[in-house]
Amino acid sequence: MIPLLKRCLLWLAALLVLAPLLLTLAYRYVPVPVTPLMVIRLFEGEGLAKDWQPSAHISNHLKMAVIASEDNLFCRHRGFDWKAFGDVLNEFRSEGRLRGGSTISMQTAKNLYLWPGRSYSRKVLEALYTPMLELILPKERILTLYLNIAEFGPGIYGAEAAAQAYFNTSAANLSRQQAAQLAAVLPNPRVYHAGRPSPYIQRRAATIQTRINQLGPLLACIRAS
């Protein structure tokens, strides 16, 4: 019985590594058809609005806004921002408040292969898959994946679906302000609304636009239009 259990565990471990590895190799070239979160939300009764767009069809305003909002060092780190982790821990020690410290690469790994919620097992897998993405995919591709699968609202996934739903435009034609509002809701897109921004989201969007102007060379991995 124990040898059988060991074999099952080995097969499970191999599956947890091999399947994401093969998918990551494929996603370097092909669109992501669906993610676990999309399937879960669909079974919960929500819709599924998504429309894959290549990097060239997504506004640079949105790319810069997301980096300014979610991960200032995205273009430079290799998947993990250790300084941000340190800041999160220091804040927790001093204020007792624990906020997220995930990079865009970590969020992409989670969105691609894992389930929503918080657990140690999910965090371990996220930490395993993040360097896999960084080793196999260029930064621009990681950002393209993220912007095509991120949840922007109930049943709304990706930049194109969000642009159409909230602003009646395409992801390619998002203005600076619209892009900042979309980026501002990403921490909690099921509560905040990019098209009808609350005073908090308006302030956050303004902060994001200011930060974009300050990042300069930290945005170097975004190709010029």
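The values are calculated or read from the model by the stated rules, or taken from the named source; none is laboratory data. All figures in this text were calculated on a predicted structure; none of them were measured in a lab. Cβ coordinates were reconstructed from backbone atoms using ideal geometry, including for glycine residues, and neighbour counts include every protein chain displayed. Ligands, DNA and RNA are stripped out before the accessible areas are found, and what is left, the full protein with its side chains, is counted by its heavy atoms. Shrake-Rupley method; radii C 1.70, N 1.55, O 1.52, S 1.80 Å.
Brief remarks on what is shown
- Those residues of the stretch 38-53 which are open to solvent by less than 60 Å² (accessible area, probe 1.4 Å) and in contact with an Asp or Glu (Cβ under 7 Å, 6 or more places away or on another chain), in sequence order: 53
- Every test in (1) out of contact with any strand residue (DSSP E or B) (no Cβ under 8 Å at 6 or more places or on another chain); (2) surrounded by 12 or more Cβ atoms within 10 Å (Cβ to Cβ); (3) modelled with pLDDT of 95 or more is passed by residue 56 save one, and that test is (2).
- Within the stretch 209-225, residues that are exposed (fewer than 10 other Cβ atoms within 10 Å of the Cβ) have Cβ atoms under 8 Å from residues that are modelled with pLDDT of 95 or more and not charged (D, E, K, R) in these pairs: 224/60; 225/60, counting only partners at least 6 apart in sequence or on another chain.
- Lone unmet requirement of (1) within 24 Å of residue 25 (Cα to Cα); (2) at pLDDT below 95; (3) of a type in the set (S, T, N, Q) for residue 107: (2)
- Tally of residues being in a helix (DSSP H, G or I), open to solvent by less than 40 Å² (accessible area, probe 1.4 Å) and closer than 17 Å to residue 148 by Cβ across the stretch 168-203: 5
- Residue in the stretch 135-145 that is assigned to a helix (DSSP H, G or I), surrounded by fewer than 19 Cβ atoms within 10 Å (Cβ to Cβ) and free of Cβ contacts under 8 Å to residues at least 60 places away in the same chain present: yes
- Only a single item in (1) open to solvent by 40 Å² or more (accessible area, probe 1.4 Å); (2) at pLDDT 95 or above; (3) in contact with a helix residue (DSSP H, G or I) (Cβ under 6 Å, 6 or more places away or on another chain) is not met by residue 115, and it is number (2).
- Whichever residue in the stretch 28-37 is within 15 Å of the chain's Cα centre (by Cα) and within 21 Å of residue 131 (Cβ to Cβ) and, among such residues, is surrounded by the fewest Cβ atoms within 10 Å (Cβ to Cβ): 36
- Hits in the stretch 146-167 - residues which are part of a strand (DSSP E or B) and open to solvent by less than 10 Å² (accessible area, probe 1.4 Å): 152, 153, 157
- All of 94, 121, 69 fail the test of being part of a helix (DSSP H, G or I) and at pLDDT 95 or above, apart from 69.
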